[in-house]
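Enquirer: The structure's right below; bear with me while I get my questions together.
The values are calculated or read from the model by the stated rules, or taken from the named source; none is laboratory data. Quick caveat: nothing in here was measured; it's all calculated off a predicted structure. Quick reminder, even Gly has a Cβ in these numbers, built from the backbone with ideal geometry, and neighbours come from all protein chains shown.
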Amino acid sequence: MSDAPGDRDVLRALAGLASDAGPVLRLRGDREFLTAIAETARLAFDAAACSIAVLSENERELEFRAAAGAGADATVGLRIPSDRGIAGWAVMSGQAIAIADVSRDPRFAAEVAATTGYVPTAIMAMPLENERRTFGVIEVLDRRRGGGEGMDDLELLACFARLTTLALETARVFSNLGRVLFESAALAADGDDLRHALERLAADAPKPRAELTQLTLLLHELAEAGPDELLAATRVANAVLIYARTRRR
Amino acid sequence: MRPAWSWQFEATTLPPVLVGMPAEITREWAWEGSSGAGVSVAVIDSGIDASHPAVGSVDGGAVIVVDPDAPGGTRAVEGPHEDLFGHGTACAAIIRHAAPDARLFSLRVLGERLTGKGAAFAHAIRWAIEHGVRVVNMSLSTSRADYFGVFHELADAAYFSGTMLVCALNNVRGPTYPSQFASVFSVAAHSGADPFRFDYNPKPPAEFGAPGIDLEVAWLGSKTIRATGNSFAAPHITGVIARILAKHPRLTPFQMKTVLMALADNATRSGAEG
């Protein structure tokens, strides 16, 4: 790759275009998808609850994005510090853990009781991660069915963890397509110089513009509403564009 | 003309090597009468609660903090520190049970931001090697591809300096570092409960199996909890290694693997192999 200013401009423009287009391509209903995973895991383990928490941007908190079962309503949206608790340890260490009697960890029991109103006896926690990043953690509370011995249950939970990680990775790709395109290219690059150049481009890639994302999502939704709605939306958009051009003159 | 390094094998420069291995390796030879006395063991984890009755004491250590202004982005703050989660205390107590007189060091790397975790983890391993620690327990791992090289280099450095790295494998299939490297002692849980019973797997990366299912382990607040995870299997092997090293301090990492293999429950000297 050349370092010529022209090339850099083209690559930056490409990153900007990808960033703006990504959110439109993103699967809609990804939150519902996470909830469906949580509910399926809960049923598979015959558990009281299952929840999925995602690391915040600054990595200091875990935010519960989806939950099913006991305390689910109070759990979704809840934020807990990432540097404590069973979930925190799983995320930080990259290791799965199952505790049979969490109420004996006084700090954990108090925290959970104060937030969700449901105090579990047993908990399994598994990090959600791949070779590029750690996304968060999936937890199963008070399972009544499973492989009989703990490790079998953890292997089953690993299947749900992989599924959740794929869903989160996909959502992230489209939320930040500009950055991810160059990160992926950097991973595949042969030479150090090329890889570092691509990593710099990834770091500098613009984030999606919220207003543009909102507009494109609206148009996307209209297009799917039906042919009449699409025609009406196209006419309105054209009329607005003609008016805007007139004003610019 | 001689190729590079060949001078090391001249009769005048090549030192004698004490093999110190018997024809038949038995538990009596390996650790009978040993309490792990004097062997330094580092636990890279969430800290150790030195006041927990199952831990007894901690001889030193450091918190590895992320500091963008420090060389490499991390620095070691030496001195006493608490256990943030409880897990490091659980590992320390398991090691203490197998090697009551070992010298325990806590290297806390968890609790900092995840972004710096790999660098802090690497710093902790380097700290252990530089301080001559003989056994390092790591119930944690990273799947991050960008740390492959860093950990490979450190695993080699540990191997050549005689520092034995004991790593828990994680549950998700796919490579994790440094637990999948051939030079480390990689451990997963088996269903046994006897802390001195372990298995050898001839088809790694899970090279050794040790107790890690439904165990009563030490935790915060001088309490215990019942827990499951490969992360509790690793300190069992760490403790056994410390116990053996106290009696046979000259053993190298590859000799130690031979000893553990010979003492594994599934070791056999006759009959068909599995």
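Enquirer: Criterion first (touching a Gly at 6+ places or on another chain (Cβ under 6 Å) and either farther than 29 Å from B:T224 by Cβ or assigned to a strand (DSSP E or B) (or both)) does B:V43 satisfy it?
Expert: For B:V43, the condition - touching a Gly at 6+ places or on another chain (Cβ under 6 Å) and either farther than 29 Å from B:T224 by Cβ or assigned to a strand (DSSP E or B) (or both) - is met.
Enquirer: A further question follows. Between A:R79, A:R133, A:R60, which is out of contact with any Leu (no Cβ under 9 Å at 6 or more places or on another chain), without any contact (Cβ under 8 Å) to a residue 24 or more places away in the chain and surrounded by fewer than 24 Cβ atoms within 10 Å (Cβ to Cβ)? Break it down stepwise before answering.
Expert: Numbers: A:R79 fails: out of contact with any Leu (no Cβ under 9 Å at 6 or more places or on another chain); A:R133 fails: out of contact with any Leu (no Cβ under 9 Å at 6 or more places or on another chain).
Testing whether each residue is out of contact with any Leu (no Cβ under 9 Å at 6 or more places or on another chain), without any contact (Cβ under 8 Å) to a residue 24 or more places away in the chain and surrounded by fewer than 24 Cβ atoms within 10 Å (Cβ to Cβ) leaves just A:R60.
Enquirer: Surrounded by fewer than 22 Cβ atoms within 10 Å (Cβ to Cβ), more than 18 Å from the chain's Cα centre (by Cα) and of a type outside the set (K, R), is that true of B:P100? Step through it out loud before you land on a result.
Expert: Working: surrounded by fewer than 22 Cβ atoms within 10 Å (Cβ to Cβ): yes; more than 18 Å from the chain's Cα centre (by Cα): no; of a type outside the set (K, R): yes.
So B:P100 does not fit the description; no.
Enquirer: Ok, one more. Considering the stretch B:199-242 alone, what residues qualify as being in contact (Cβ under 8 Å) with a residue 60 or more places away in the chain, under 14 Å from B:L263 (Cα atoms) and in contact with a His (Cβ under 7 Å, 6 or more places away or on another chain)?
Expert: B:D199
Enquirer: Return the residues of the stretch A:136-159 that are modelled with pLDDT under 80 and surrounded by fewer than 17 Cβ atoms within 10 Å (Cβ to Cβ); say none if nothing qualifies.
Expert: Residues of the stretch A:136-159 that are modelled with pLDDT under 80, as a first pass: A:145-151.
Residues satisfying the conditions are A:R145, A:G147, A:G148, A:E149.
Enquirer: Filter the stretch B:147-165 for residues that are within 14 Å of chain A (Cβ to nearest Cβ) and either basic (K, R) or in contact with a helix residue (DSSP H, G or I) (Cβ under 7 Å, 6 or more places away or on another chain) (or both) and give the result. Explain how you work it out, then say what you get.
Expert: We begin by selecting, within the stretch B:147-165, every residue within 14 Å of chain A (Cβ to nearest Cβ); these are B:147-149, B:151.
B:Y147, B:F151 - these are the residues of the stretch B:147-165 that are within 14 Å of chain A (Cβ to nearest Cβ) and either basic (K, R) or in contact with a helix residue (DSSP H, G or I) (Cβ under 7 Å, 6 or more places away or on another chain) (or both).
Enquirer: How many residues are in a loop (DSSP other than H, G, I, E, B) and of a type in the set (A, V, I, L, M, F, W, C) when one looks only at the stretch B:177-192? Lay out the reasoning, then the answer.
Expert: Of all residues in the stretch B:177-192, those in a loop (DSSP other than H, G, I, E, B) come to B:178-184, B:191-192.
Imposing the further condition that a residue be of a type in the set (A, V, I, L, M, F, W, C) reduces the set to B:181-182, B:184.
So the count comes out to 3.
Enquirer: Counting just the residues of the stretch B:119-146 that are within 25 Å of B:G162 (Cα to Cα) and at the interface with chain A (Cβ under 10 Å from one of its Cβ atoms), which one comes out farthest from the chain's Cα centre (by Cα)?
Expert: Taking the stretch B:119-146 as the starting set, the residues that turn out to be within 25 Å of B:G162 (Cα to Cα) are B:119-142.
From what is left, the residues that are at the interface with chain A (Cβ under 10 Å from one of its Cβ atoms) are B:121, B:138-142.
Values: B:F121: 13, B:M138: 6, B:S139: 8, B:L140: 11, B:S141: 12, B:T142: 16 Å.
Checked the stretch B:119-146; the qualifying residue farthest from the chain's Cα centre (by Cα) is B:T142.
Enquirer: Give the residues of the stretch B:46-68 that are among the hydrophobic types (A, V, I, L, M, F, W, C) and not in a loop (DSSP other than H, G, I, E, B), sorted by residue number.
Expert: Let us first name the residues in the stretch B:46-68 that are among the hydrophobic types (A, V, I, L, M, F, W, C), namely B:48, B:50, B:54-55, B:58, B:62-66.
Within the stretch B:46-68, B:A62, B:V63, B:I64, B:V65, B:V66 meet the criteria.
Enquirer: Pick from A:S103, A:S51: which is surrounded by fewer than 21 Cβ atoms within 10 Å (Cβ to Cβ), farther than 26 Å from B:F148 by Cβ, touching a Ser or Thr at 6+ places or on another chain (Cβ under 9 Å) and among the small types (G, A, S)? I'd like the intermediate steps shown before the answer.
Expert: Numbers: A:S51 fails: surrounded by fewer than 21 Cβ atoms within 10 Å (Cβ to Cβ).
Only one candidate passes the filter, namely A:S103.
Enquirer: Restricting to helices (runs of 4 or more DSSP H) lying wholly in the stretch A:59-138: which have 1 or more residues that are over 22 Å from A:F160 (Cα atoms), at the interface with chain B (Cβ under 9 Å from one of its Cβ atoms) and among the charged types (D, E, K, R)? Before you say what the answer is, go through the steps one by one.
Expert: Working: elements: A:72-75, A:85-93, A:106-115.
Result: A:106-115.
Enquirer: Which numbered condition in (1) out of contact with any Cys (no Cβ under 9 Å at 6 or more places or on another chain); (2) assigned to a loop (DSSP other than H, G, I, E, B); (3) closer than 28 Å to A:V91 by Cβ is the only one that B:A227 fails?
Expert: (2)
Yes or no, residue by residue, for (1) away from every other protein chain (no Cβ under 12 Å); (2) crowded, with 24+ Cβ neighbours inside 10 Å:
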residue	(1), (2)
B:P204	yes, no
B:A210	yes, yes
B:I213	no, no
B:I225	no, no
B:T238	yes, yes
B:A242	yes, yes
